[in-house]
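Visitor: Dropping the structure in here first, questions after.
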Amino acid sequence: MADTHVEEPTRRDFLYVATGSFAAVGAAFAVWPLIDQMNPDASVLALASIEVDISNVPVGQQITAKWRGKPVFIRHRTEEEIKAAENVDVSSLPDPQTDAERLKKDPEGTLERPWLVVIGICTHLGCVPLSYAGEYDGWFCPCHGSVYDTSGRIRKGPAPLNLEVPPYEFLSDTKIKIG
Amino acid sequence: MSGESTYTPGNGLTRWLDDRLPVLRLVNDSFVDYPTPKNLNYWWTFGGILSMCLGIQIITGIILAMHYTPNVDLAFASVEHIMRDVNYGWLLRYIHANGASMFFIAVYIHMFRGLYYGSYKAPREVLWILGVLIYLLMMATAFFGYVLPWGQMSFWGATVITNLFGAIPIVGDPIREWLWGGFSVGNPTLNRFFSLHYLFPFLIAGVTILHVWALHVTGQNNPSGIEVKDPAKDTVKFTPYATVKDAFGMSVFLILFAYFVFYNPNGLGEAANYVEANPLQTPAHIVPEWYLLPFYAILRAVPDKLGGVLLMFAAIGVLFVLPWLDTSKVRSARFRPLYRQFFWIHLVVCIILGWCGAQLPSNVLFGSDTQIGIYDTRGEALEAVTTAAKEQGLSPEDDFKVEEHVEDNKLEFVASRVDFAFDVTDLSRILTIYYFLHFLVLFPVLGLVERPQSLPSSISESVLGKKAATAEA
């Protein structure tokens, strides 16, 4: 028993550490399913894309589609609204983006200037902004007073970012696919 | 004060039990023969009142869960079913909903009691920290519970609070989706909140046992803030003295409770929560329940999203380190002439912060504007603002405003220059700064500069006066 005082790790020490490490790694693996079960499940992910018919949205109006449980504003902008969105000094914006960067092209490759598609969720704390409201006649969030313009860009208030543009594409002139 | 056990089993059965599981001994030593300082006032009855509140919430909650359905399509209707169809369902739900508010009234009194009499100071730091932990668990439980009726405030409250986690850099979005179980608050969210709402009260009960354990190790603080010296003179038995005093406190508290349940059951709630949740429409004005309002005001006082979230959590976090921020050698504010005044200022600041949390942040409290003109359309008004801003070299966003007015049934747009405005956000900022100054600066500094009044030499003396105490001896 004299060599138990030796500083060198013994074979037994090694076994203890190895067993402990093995158990810790095993426990971590066992915990993962318990954590991951809370992530979006297969049925939620299956609803990840929708097609929307936009043929019956007249100029100057918008519809709200529901995508992944969130409202998506599809706005058919008037010429005046488009001009207001384009004639902005981009560098003065909190989240600089030109109007064109926030739009998509149709299958023929022309920019669909009248159609703005944004997720209708304030980038501050997730409220749904009111449409055709606020100082720029874009959106106004009633929760904490963020103001968005007709391109969905943040102009005033606590929100840090522009209204998010979801992934979407024009399938034809009258149909878009979101997601 | 947890001295030798004084329990002696009275008969053969209790002697037999005591050798196998000394549970009667534990009860006797904790709640019968347990010595309590004899100068405890009614502010000390809130520990018992809080235990009663927890009991009421657990009992009514378990019953409500027998009738409630945690599904987005059925939840709202099932709560109405409880209100209309279930026998005494209205009573149980009103007790449970108002019980949450009563619980918070009691916990705030209990906490400010601790702050006033220095109950967080050594050797009661762990006792205090466990208490703050219970308070955090209570807020989480209340939040989960508020989501369950699936009304508009439930849904949007849940949306705003879960979005707070989105402010965390990089991992914010994955954490949010993990909390939601989807891409927004939805059925998976409601299900897990129900599960956690059922679990958390039992966590509270568990931490409460630790809290009482820690209390019985160090002994109770008392209004004089000095320790028990001679248990025979300074203390009385828990039963009947504290038991009866607690029972009286509970009875008075239950009168207030009953007033809300029977005469004003929705007085502390929000009417918007009787509208079923609609993910496509946010109510005009979202406010949390009253007991969270001061923290909500702190959140909104900060112009930066992440900064606001951090400061809000820091407002509670600072309580954890309070025992080490206070440098005073004297516990009770009774003998601290300066701290006593700042205590009341801090209490008023917390109440006004709560008021700020319920207001629209842009509500101007006082200010002055210069009107530029009145216009028929918003476009014209904005144009006037832009022109005026250019001429005067000001920012059209920050220094001007356009307000809608209805005059003779006609909508008008009034453009004006804001010369000076002091709004709710400004007030919240000042109060938030004071809130943190109170803990981070005043607590350390006061203890060093303050000259405390002379302390009585014992608890007995503080009750009987110097002469009587010596005479009794």
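The values are calculated or read from the model by the stated rules, or taken from the named source; none is laboratory data. From a predicted model like this one, the values you see are computed outputs, not experimental measurements. Cβ: placed from backbone, ideal geometry, glycine included. Neighbour counts: every protein chain shown. Each accessible area value is taken on the protein alone, full model and side chains, heavy atoms only, with ligands, DNA and RNA left out. Shrake-Rupley method; radii C 1.70, N 1.55, O 1.52, S 1.80 Å.
Visitor: Expressed as a fraction of 2.2 N^0.38 Å, the rule-of-thumb size for a compact globular protein of N residues, what is the C-alpha radius of gyration of the range B:364-424? Please list the in-between numbers first.
Guide: Values: Rg = 11.8 Å, N = 61, 2.2 N^0.38 = 10.5 Å.
This ratio for the range B:364-424 stands at 1.13.
Visitor: Just flag the GluC sites (Glu not before Pro) in the range A:70-147 sitting in loop per DSSP whose Cβ has no more than 12 other Cβ atoms within 10 Å.
Guide: Numbers: sites: A:Glu79, A:Glu80, A:Glu81, A:Glu86, A:Glu101, A:Glu108, A:Glu112, A:Glu135; in loops: A:Glu108, A:Glu112, A:Glu135.
Of the GluC sites (Glu not before Pro), the ones in loops of the range A:70-147 whose Cβ has at most 12 other Cβ atoms within 10 Å are A:Glu108.
Visitor: Let me ask something else about it. Which residues, if any, in the range A:38-74 have at least 30 Å² less accessible area in the whole protein complex than in the isolated chain, probe 1.4 Å?
Guide: Residues meeting the cut-off: A:Met38, A:Asn39, A:Pro40, A:Val44, A:Lys66, A:Arg68, A:Gly69, A:Lys70.
Visitor: Quick one: what does P(r) look like for the range A:77-155 with 10 Å bins over all Cα pairs, in whole %?
Guide: All Cα pairs considered, the percentages come to 19, 51, 27, 4, 0.
Visitor: In the range B:36-129, what chymotrypsin sites (Phe, Trp or Tyr not before Pro) fall in a loop by DSSP, with at most 13 other Cβ atoms inside 10 Å?
Guide: When the chymotrypsin sites (Phe, Trp or Tyr not before Pro) of the range B:36-129 are filtered for loop state and at most 13 Cβ neighbours within 10 Å, B:Tyr88 remain.
Visitor: For chain B, with every protein chain kept in place, what is the accessible area per residue (1.4 Å probe, Å²)?
Guide: Heavy-atom accessible area per residue stands at 48 Å².
Visitor: Below 14 angstrom from the Cβ of A:Arg77, what's the summed charge of the other residues (Lys, Arg +1; Asp, Glu -1)?
Guide: Working: positive: A:Arg75, A:Lys83, A:Arg102, A:Lys104, A:Arg113, A:Arg153; negative: A:Glu79, A:Glu80, A:Glu81, A:Glu86, A:Asp99, A:Glu112, A:Asp137, A:Asp149.
Residues near A:Arg77 contribute -2 overall.
Visitor: Here is a follow-up. Express in whole angstrom the spacing between the alpha-carbon centres of the range A:155-174 and the range B:225-268.
Guide: About 57 Å separates the Cα centre of the range A:155-174 from the one of the range B:225-268.
Visitor: Scaled to the compact-protein estimate 2.2 N^0.38 Å, what is the alpha-carbon radius of gyration of the protein assembly as shown, rounded to two decimal places?
Guide: Details: Rg = 30.7 Å, N = 652, 2.2 N^0.38 = 25.8 Å.
It is 1.19.
Visitor: With a Cα-only, solvent-free Debye model of the range B:262-387, what are the log10 I(q)/I(0) values at q = 0.15 Å⁻¹?
Guide: Each listed q maps to, in turn, -1.02.
Visitor: At a cut-off of 10 Å², which residues of the range B:361-390 become less accessible once all protein chains are present than in their chain alone, using a 1.4 Å probe?
Guide: Checking the loss per residue gives B:Pro361, B:Arg378, B:Leu382.
Visitor: In a Gaussian network model over chain A where Cα atoms closer than 10 Å are linked, find which of A:Asp41, A:Asp99, A:Asp137 has the largest mean-square fluctuation.
Guide: In the Gaussian network model the winner is A:Asp41.
Visitor: Net charge within 14 Å of B:Thr387 by Cβ-Cβ distance, Lys/Arg positive one each and Asp/Glu negative one each, not counting B:Thr387 itself?
Guide: Counting the neighbours of B:Thr387, the net charge comes to -2.
Visitor: Give me the number: length gained by fully extending B:Trp324 to B:Val418, i.e. 0.36 nm times residue separation minus the C-alpha to C-alpha distance, one decimal in nm.
Guide: On the way: separation 94, 0.36 × 94 = 33.84 nm, distance 4.54 nm.
Once the chain is fully extended between B:Trp324 and B:Val418, it gains 29.3 nm.
Visitor: Running a GNM on chain A with Cα contacts under 10 Å, which residue among A:Gly157, A:Gly138, A:Gly20 ends up with the highest mean-square fluctuation?
Guide: Looking only at A:Gly157, A:Gly138, A:Gly20, the biggest GNM fluctuation is shown by A:Gly20.
Visitor: Take each complete run of DSSP H in chain B, measure how far its Cα atoms stretch along the helix's own axis, and keep only those covering 20 Å or more with mean Kyte-Doolittle hydropathy at least -1.0; list them. Spell out each step's value before the answer.
Guide: Working: long enough: B:46-65 (27 Å, 2.04); B:89-117 (41 Å, 0.68); B:125-147 (34 Å, 1.96); B:187-218 (46 Å, 0.92); B:243-263 (29 Å, 1.54); B:305-325 (30 Å, 2.07); B:337-358 (33 Å, 1.32); B:378-392 (21 Å, -0.60).
Answer set is B:46-65, B:89-117, B:125-147, B:187-218, B:243-263, B:305-325, B:337-358, B:378-392.
Visitor: How much of the accessible area of the range B:364-424, in percent, comes from carbon and sulfur atoms when a 1.4 Å probe is used?
Guide: Roughly 48 percent, rounded to a whole number.
Visitor: Can you tell me the dipole magnitude for the range B:138-293 around its Cα centre, using point charges on the Cβ only (Lys, Arg +1; Asp, Glu -1), in Debye to the nearest 20?
Guide: Computed about the Cα centre, the dipole is about 300 debye.
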